[in-house]
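Only one structure is covered here, and it is reproduced in the block below.
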Amino acid sequence: VVESWTDNIEYRAIAIDSAGRIVVTGLNNTTTTSIAVARYNADGTLDTSFDGDSTGDGKFEIDPAPGNSYSVNDILIDENDRILISGSINGDWDIALLRLTTTGVLDSSFDGPENMINYPGNGFLQIDLGANPESFRRIAIDSENRIVAAGIRNYNGTIEPVVFRFWP
């Protein structure tokens, strides 16, 4: 499938949901100020029920923290078909994790602890570990349905691995 967007979109991650639909995510490669998401039916047509921007075309761009830039590294579909996207915000300065509902809107029930840079109730987490760069590279779900994320931080010139576990 070759998809036409009005912006210069680059897909970077792909996942399949329980209904066999293909979910892809990436960036607006021109500005990096939005995250692109699309969902395709198993036959390759855009899923018009996936409507995060109310256009009904199955693809959209989101900007969960206006005024920032993003990088996308991974996507995961959980057991409830919610979509998790990991990466970084502000040019790799902070870790980023967001969750969309099955219809493609930011999941307002996804929120983090108070010590994180949060955007309460909008389904987006920003985590600052006090180092640069920082980024989640991969995400997974463990046997107890908890989100596990792994990535890096650069602390005083030394690259260090980071692993987080989030409760659902």
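The values are calculated or read from the model by the stated rules, or taken from the named source; none is laboratory data. Remember, it's a predicted structure, so these values are computed and weren't measured experimentally. Cβ placement follows ideal geometry from the backbone for every residue including glycine, while neighbour counts extend to all protein chains displayed. Heavy atoms of the whole protein, side chains included, go into the accessibility calculation; ligands, DNA and RNA do not. Shrake-Rupley method; radii C 1.70, N 1.55, O 1.52, S 1.80 Å.
A few notes on this one:
- Qualifying residue in region 42-60 (condition: of a type in the set (A, V, I, L, M, F, W, C), at pLDDT below 90 and in contact with a strand residue (DSSP E or B) (Cβ under 6 Å, 6 or more places away or on another chain)): no
- All strands (runs of 3 or more DSSP E) inside region 1-80 with 3 or more residues being closer than 26 Å to residue 150 by Cα and open to solvent by 60 Å² or more (accessible area, probe 1.4 Å): 9-16
- Residue 95 satisfies every condition listed in (1) surrounded by fewer than 24 Cβ atoms within 10 Å (Cβ to Cβ); (2) modelled with pLDDT under 90 except (1).
- Candidates 163, 148, filtered to the one that is open to solvent by 70 Å² or more (accessible area, probe 1.4 Å), under 25 Å from residue 101 (Cα atoms) and in contact with a strand residue (DSSP E or B) (Cβ under 8 Å, 6 or more places away or on another chain): 163
- Identity of the residue in region 81-92, closer than 20 Å to residue 155 by Cα and among the small types (Gly, Ala, Ser), that ends up surrounded by the fewest Cβ atoms within 10 Å (Cβ to Cβ): 91
- If you go through region 23-53 and keep only what is of a type in the set (A, V, I, L, M) and within 15 Å of the chain's Cα centre (by Cα), you end up with 23, 24, 27, 35, 36, 37, 38.
- Considering region 108-118, and only residues there that are surrounded by fewer than 21 Cβ atoms within 10 Å (Cβ to Cβ) and in contact with a strand residue (DSSP E or B) (Cβ under 7 Å, 6 or more places away or on another chain), the residue that is modelled with the lowest pLDDT turns out to be 118.
- Residue check for residue 107: within 27 Å of residue 159 (Cβ to Cβ) and acidic (Asp, Glu): no
- Qualifying positions in region 61-85 - modelled with pLDDT of 95 or more, under 8 Å from the mean Cα position of the chain (by Cα) and among the hydrophobic types (A, V, I, L, M, F, W, C): 75, 83, 84, 85
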